[in-house]
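One structure, pasted below without further comment.
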């Protein structure tokens, strides 16, 4: 490892905000340095409690994440927040009030907020999110909160690969019940009825509890159903307690190891998928993709043969243009 | 091309339902035969009008898609329906009534319904959806309706790559406005306020119209806002008319070609991503992924170095185990 890389890594271990920001930018833009850095950060990662918070747009995820972060901060923990939700105020869907409110957190030295709203043209949101978790974890964040919209497959995948998944629901949303039917909601370890001061909160709680009672989990965990009012902070302490309860439960479980193994496998495969793709696009001759696009548009060639040719070209162009491989 | 492949392709061109079903299964499971078949189908594809219908769970997408399909059927067109929405009754989130209702369509010889609710363990939902469009298009479907949940990035991508994108909203859903703010809704060419017999439909229409008036589109199209009651079929004829209006508009536009080029580029890149990944997983020695998962779990090795090694192994293991490359 070069001296400057070593220095950079050490600044991150010390929690230096500018070094962290630079690291995330390097990873997001696919710089080779970002990859080298991640290798040196990885051994110091693995101790953060990664909390996935998911739910429909408008369920109040950002507000709850903010309050939960504040709760952990009050107990002296360092907190990272990653928003991978295009509707989150953290990540660009903000109205001014949200932004101002958030600044209380972002200027607090013990909280690091990063949005991942936009994917680059090469995609890879899930693998980029994992990389950012590694950076924040190595930087000493004991808790990393990931906020995602809970409907798309990408977003569900990201939430599922947290240590614990919290699903936010709001009273009176028929669509949530429909989502439930589809099994999307089975991913969660904790269910939170947010905006619980609205009519229908008790009924929503009963419905969720009833549905959860239909199926026993393999690991023996009985998912908890909680009520919160994120805007006032009501119920946030109980949510933190429930999160800690799940953590303690997980540590005693052999099945916990199995979940971690499945998560690790999914991560490796996602990283493989993204690395192959970035390397291949980097190795293809300039203008080749555009030329092939014209061929397919004109129906001169079929896309399947064109892609086979690109894969062959990549495998023959050994060691050239690969970003991840130094 | 082998004789049997030629026969298979010809049966698809003739609209044979069993041949179509077999083709889709072959493509979904990543069989080499599926890929060879797609190459011979591609030249006969490209004439279907591909309509993406997206919106939140519970917005009534499946019902509207069913009614719209019926409307096109009445005019003698052949229709394909692809549901890539985990909450859709087409694709598994069904209650019994929905299933029975759907059967009216599925036993009609001129309609082909296929769900893509589950991704295989190797992923690739977007590229698989594209492949199914190619099959249905080559099989003579003049209209292909794709139903997706409109929140996740994957799903939005799929909808965006249709010839026309319809976004369904329902009155009184605050979350839709939030989605609007985030720019997710900018993708649509037509906006439909469904369940327009509910209170607030006029207000929703006004809000959407007001937001749309804030930005002019590069192609000069002024997105239309329509109201429907999908359960009764109200407004479905107007929706079909609007879809045809957009189609005629598009044919006159130079910018239309630019959109097709961008879509074609995105498709090629997605196909490249998926093919590389499937080939690499197929080429890696058995048990290698599991062994590396254990290394990373135990923090013996970092995932970044492990993946670089896998990429190198793939590039050296030339021609072995690749599924897409014959």
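Quick note: the coordinates plus some simple rules give every number you see, no bench work behind them. Predicted, not measured: the structure shown is a model, and the values here were computed from it. Reconstructed Cβ throughout: ideal geometry from the backbone, glycine too, with neighbour counts over all protein chains shown.
With a ≥ b ≥ c the root eigenvalues of the C-alpha gyration tensor of region A:196-247, is it rounded (a/c under 1.5), prolate (a/b larger than b/c) or oblate? The partial results should precede the final answer.
On the way: a/c = 5.05, a/b = 1.26, b/c = 4.00.
Judged from the Cα gyration tensor, region A:196-247 comes out oblate (a/c at least 1.5, b/c at or above a/b).
Among rounded, prolate and oblate, which fits region B:267-316 when a ≥ b ≥ c are the square roots of the eigenvalues of its C-alpha gyration tensor, a/c under 1.5 means rounded, and a/b larger than b/c means prolate?
Numbers: a/c = 2.42, a/b = 1.96, b/c = 1.23.
It is prolate, given that a/c is not under 1.5 and a/b is the larger ratio.
Testing the spin-label approximation: label points 7 Å from Cα along Cα→Cβ at residue A:13 and residue B:237. State their distance in nm.
7.5 nm
Per residue of A:288-298, count partner chain C-beta atoms within 10 Å of its C-beta, then hand back the mean as an integer.
Numbers: counts 0, 4, 2, 0, 4, 10, 3, 2, 8, 7, 0.
Mean number of neighbouring Cβ atoms from other chains: 4.
A further question follows. Under a point spin-label approximation (7 Å from Cα along Cα-to-Cβ), what is the residue B:245-residue B:218 distance to one decimal in nm?
If labels sit at residue B:245 and residue B:218, their model points lie 2.4 nm apart.
Please give, to one decimal in nm, the separation of the simple spin-label points placed at residue A:298 and residue B:260, each 7 Å out from Cα toward the Cβ.
1.3 nm
Please work out the C-alpha center-to-center distance from region A:55-70 to region B:1-50 and express it in whole Å.
About 47 Å separates the Cα centre of region A:55-70 from the one of region B:1-50.
Count, for each residue of A:273-284, the Cβ atoms from other chains sitting within 10 Å of its Cβ, then give me the mean as a whole number. The partial results should precede the final answer.
Numbers: counts 11, 3, 8, 13, 8, 2, 6, 7, 4, 0, 1, 1.
Mean inter-chain Cβ contacts per residue within 10 Å come to 5.
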